[in-house]
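Peer 1: Dumping the structure here so I can ask a few things about it.
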Amino acid sequence: MKKLEKREKNLLLVLGVILLIGAGDFILNMDSYLNFYKEPKSENASIKKTDVNNNTKKNKNKKLLASFKDWGRDPFYDPSLRVKKRVVKQKKKTISLSLKAISMAESMSVAMINSRVLAVGDQIEGYTVKKIQAKEVTLTKDGQTTTLKLQ
């Protein structure tokens, strides 16, 4: 006969332990196992047993739900862990337009706004240059007029 390898011996040992545990459980709980496989004597008896079992389960569930209501609060809710939502208020974007210089000429006048040289009709930050005068520039955006003055 062939000699068993170490892993085969270990496998047999584990199976033997499982078999011993199963046999011990059967011996200790023999009544439960044997009663489980017995047929009920009549259908009425089995129906009555299930009705009684269902009623007791319903009563247990009602008692359990009532006990939850008695707690007064949710045991799994921790208000200190609540995440507060921050409301981000959108600020109106203010565009700072800075008039740096004005150059007046008969043919064409220009103004330097935010380091850009602009003539009448040019646009900057959505504003349109409408009028360039010696000491101020008039801009319009969405029907609103803004005047920038030299300082």
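The values are calculated or read from the model by the stated rules, or taken from the named source; none is laboratory data. Model, not experiment: these values are computed from the prediction. Positions of Cβ are generated from backbone atoms using ideal geometry, with glycine treated the same way; all protein chains shown enter the neighbour counts.
Peer 1: Could you say which residue among 92, 62, 149, 69 is more than 30 Å from residue 26 (Cβ to Cβ), among the basic types (Lys, Arg) and at pLDDT 75 or above?
Peer 2: The conditions single out 149.
Peer 1: Same structure, new question: How many of the residues making up region 111-130 are within 50 Å of the chain's Cα centre (by Cα) and among the basic types (Lys, Arg)?
Peer 2: The qualifying residues number 1.
Peer 1: Of all the residues that make up region 107-151, how many are assigned to a strand (DSSP E or B) and exposed (fewer than 11 other Cβ atoms within 10 Å of the Cβ)?
Peer 2: Counting residues in region 107-151 that are assigned to a strand (DSSP E or B) and exposed (fewer than 11 other Cβ atoms within 10 Å of the Cβ) gives 2.
Peer 1: Within the group 42, 80, which residue is assigned by TED's automatic domain parsing to the domain that holds residue 22 and either modelled with pLDDT of 75 or more or loosely packed, with under 10 Cβ neighbours inside 10 Å (or both)?
Peer 2: 42
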